[in-house]
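Take a look at the structure set out below.
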Amino acid sequence: AEFGSDDFRHVGRLEDIAYSESGHQLVSVSVDGVLKLWETDAGRELASYSHPNGVPLFSVAYLDAQTVLVGTGLDHIQAMTIGTGSVLLPCELDTYGLADLADSGGGISVSPDGGYVAQWMMQGNVGLVLAEIKSDHSRGARTILTAEGFVVNQVAWSDTGELLAVLTTNPLKALGRD
């Protein structure tokens, strides 16, 4: 299946996609507030979730095989569980030791090893929070990288879960640690 074909698309502008670790599923989010879960082999939509207030969705990342994190245009994140029958259900961030991140940015990325979440503000120049994910789901360590005068757009990870690069609106300014 090809993204953008009649059966494999969003009505609103597509903002982000994330593949499951197995590669058999894909989640996508759009500016019209819709998250969709897809079966990649057949290009079939498995489930759809619309934000109750129609808030734009800008980023999405798999936290584990059954959970995705979604970043909104209100600089919030929320967790969604992929339930039985591929139903998408909101769940609490506290379940994963991430409750403190709920209102601190709509940009979201999870390291390939599942050890860290990077979160950044979509609407400002606050910077980036790097949050450790502990296997027991308790609150892990936090590192803050400041972004004075520029906006974080995306991050890149190594295969082992190290933060390699941060794409910003100012490529000449480095991120600083607080």
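Worth pointing out:
- Residue ID - most open to solvent (accessible area, probe 1.4 Å), chosen from residues in the stretch 50-66 that are assigned to a strand (DSSP E or B) and over 11 Å from Ser30 (Cα atoms): Asp64
- Tabulated pairs, the stretch 50-78, first closer than 22 Å to Gly23 by Cα and in contact (Cβ under 8 Å) with a residue 24 or more places away in the chain, second open to solvent by 60 Å² or more (accessible area, probe 1.4 Å) and of a type in the set (S, T, N, Q), C-beta under 8 angstrom, 6+ apart or interchain: Ala65/Ser22
- Complete set of residues in the stretch 75-119 that are out of contact with any helix residue (DSSP H, G or I) (no Cβ under 8 Å at 6 or more places or on another chain) and aliphatic (A, V, I, L, M): Met80, Ile82, Val87, Leu88, Leu89, Leu98, Ile108, Val110, Ala118
- If only residues of the stretch 87-104 that are surrounded by 18 or more Cβ atoms within 10 Å (Cβ to Cβ) and in contact with a His (Cβ under 7 Å, 6 or more places away or on another chain) are counted, the one that is farthest from Lys36 (Cα to Cα) is Gly97.
- Among (1) hydrophobic (A, V, I, L, M, F, W, C); (2) over 22 Å from Val29 (Cα atoms); (3) at pLDDT 75 or above - the single one Leu172 does not satisfy: (3)
- Residue in the stretch 21-43 that is at pLDDT below 85 and either buried (at least 19 other Cβ atoms within 10 Å of the Cβ) or over 24 Å from Asp159 (Cβ atoms) (or both) present: yes
- The residue that is most open to solvent (accessible area, probe 1.4 Å), among those in the stretch 67-86 that are farther than 16 Å from Ile108 by Cα and not in a strand (DSSP E or B), is Thr84.
The values are calculated or read from the model by the stated rules, or taken from the named source; none is laboratory data. Here the structure is a predicted model, which means the values were calculated and not measured. Methodologically, a virtual Cβ is constructed for each residue, glycine included, from the backbone with ideal geometry; neighbour enumeration extends over all protein chains shown. Ligands, DNA and RNA are stripped out before the accessible areas are found, and what is left, the full protein with its side chains, is counted by its heavy atoms. Shrake-Rupley method; radii C 1.70, N 1.55, O 1.52, S 1.80 Å.
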